[in-house]
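> Would you mind keeping the following structure in view while I ask a few things?
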Ligand SMILES: [Zn+2]
């Protein structure tokens, strides 16, 4: 068995605040309580930050691989790519496809969930609005008929974690109720709903805003729209893609200001090019061109996911957006972990939880990643 590891000297972000010269003890796969274990390996992380591992609720792939279309090996490569960037827990997102295809996909992904490689599946589409389709294939979109939503849940064998839907479409509210009854997150997104329609969806049980601001009507003073409804309700967590392309920093700060740091989840919405490079890719059935790290549909030019990794989202939040580290960490770890119902195991550095952690240097660049007690990226001293 691996010796106990004692991580010393770092500034450690704990749920109760940041501790200078903190100490985290890793015993096997978990974080252990204090004390001075015998035969321990001491790792000096002076000059570094130590944070809980990142949790990505919304991610379509990376490392050149797609969660929607790749083989099992491809999917594992995508997961591995994001782990190298600090994401120790990931929900694999699909894009719109036909129902049989998505059901087969759910079967493949649910096996990876059973093996502990992913935390579950997020179906983004096909139950979304043609008016706000973004990079989803219009001919494959359909109304959210609860019977069809149910088919996807069944195909995911208990591993469906979230479904993004346009709740204003016929069957939308009944589908939200169905998802809530099954303990699956109903996420409002790719929607053309009004403020009032969005309030109705939240009342029915919707608890997440899929990439707030993107793929929904803008905020207007006479038509406050879904953004206002989602920001003002305490029951809703808002996803934000903090890559500098999807959102202006002021829009990000506005969301943080209104929702508070407890109701924001940073996501990547990453596609294959994340951690890989520019070039031509497929997003489901649609062709995407990635140039300078920005992914756009070849036809029409819609933004088509991101090439973001969560370490960059954090670095940007702190160094560009000026957020307190603790708020950024909540949006990257504790909040998404709680939403997934996994906060007893992950989301913070506390004894008994999985030893999932990220080491950053003073400039918030990644310097180490541990998942379940094993280094994915070996720690580099300051
Ligand atoms: Zn997405």
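Here, each number is a calculation from the coordinates, and none is a lab measurement. Keep in mind that this is a model prediction, so the values were computed, not measured. Methodologically, a virtual Cβ is constructed for each residue, glycine included, from the backbone with ideal geometry; neighbour enumeration extends over all protein chains shown.
> Please compute the contact order of region 54-339 in relative form: average sequence separation of alpha-carbon pairs under 8 Å and at least six residues apart, divided by the residue count, as a percent.
Rounded, it is 19 percent for region 54-339.
> Would you compute, from DSSP H runs of 4+ residues alone, the mean residue ellipticity of the chain at 222 nm, taking -39500 (n - 2.57) per run and dividing by the full residue count, rounded to the nearest 500?
-7500 deg cm²/dmol
> For the chain, take the longest principal axis of its alpha carbons; what is the angle in degrees between that and the long axis of helix 310-319, to the nearest 10 within 0 to 90?
Value to nearest ten degrees: 80.
> Another question, then. Which angle between 0 and 90 degrees, to the nearest 10, do you get for helix 172-181 versus the longest principal axis of the chain when only C-alpha atoms count?
Helix 172-181 sits at roughly 40 degrees to that axis.
> For region 54-339, what value does the Rg/Rh ratio take when both radii are computed over Cα atoms and Rh is the Kirkwood radius, given to two decimals?
0.93
> Which one, 239, 181, 117, has the greatest fluctuation when you compute a Gaussian network model over the chain with C-alpha springs under 10 angstrom?
The residue with the greatest mean-square fluctuation here is 181.
> Now, a different point. Please find, in a Gaussian network model of the chain (springs between Cα atoms separated by less than 10 Å), the residue of 232, 350, 168 whose mean-square fluctuation is greatest.
The residue with the greatest mean-square fluctuation here is 232.
> Quote the Stokes-Einstein diffusion coefficient, in whole µm² s⁻¹, for region 1-80, based on the Kirkwood radius over alpha carbon pairs, a temperature of 10 °C and a viscosity of 1.306 mPa s.
My calculation gives 105 µm²/s for D.
> Got a sec? How would 280, 142 order by Cβ neighbour count within 10 Å, fewest to most?
By the 10 Å Cβ count, ascending: 280, 142.
> With 10 angstrom as the radius, rank 195, 281 by how many other C-beta atoms surround their C-beta, starting from the fewest.
Details: 195 19, 281 22.
Ascending Cβ contact count within 10 Å gives the list 195, 281.
> Let me ask another. Starting from the 7 Å offset along Cα-to-Cβ, what nm value, one decimal, do you get for the label separation of residue 157 and residue 33?
3.8 nm
> Over what distance in Å are the Cα centres of region 104-177 and region 201-264 separated?
Cα centroid of region 104-177 versus Cα centroid of region 201-264: 21 Å apart.
> Sticking with this one: For helix 195-204, what angle does its Cα long axis make with the longest principal axis of the chain, in degrees from 0 to 90 and rounded to 10?
60 degrees
> Work out how much length residue 80 to residue 291 would gain on full extension: take 0.36 nm times their residue separation and subtract the Cα-Cα distance, in nm to one decimal.
73.7 nm
> Bins of 10 Å, beginning at zero and ending with the bin holding the largest distance: percent of Cα pairs per bin for region 244-369, please.
P(r) over region 244-369, rounded to whole percents: 12, 36, 34, 17, 1, 0.
> Of the residues 137, 36, 348, which exhibits the maximal mean-square fluctuation in a Gaussian network model of the chain defined by a 10 Å Cα contact cut-off?
Among 137, 36, 348, the largest mean-square fluctuation in the Gaussian network model of the chain belongs to 36.
> Most exposed first by the Cβ proxy, i.e. fewest other Cβ within 10 Å, how do 340, 230 rank?
Starting with the residue having the fewest Cβ neighbours, the order is 340, 230.
> I'd like the antiparallel share, as a percent to the nearest 5, of DSSP beta bridges with both residues in region 54-339.
Given both bridge residues lie in region 54-339, the antiparallel proportion sits at roughly 30 percent.
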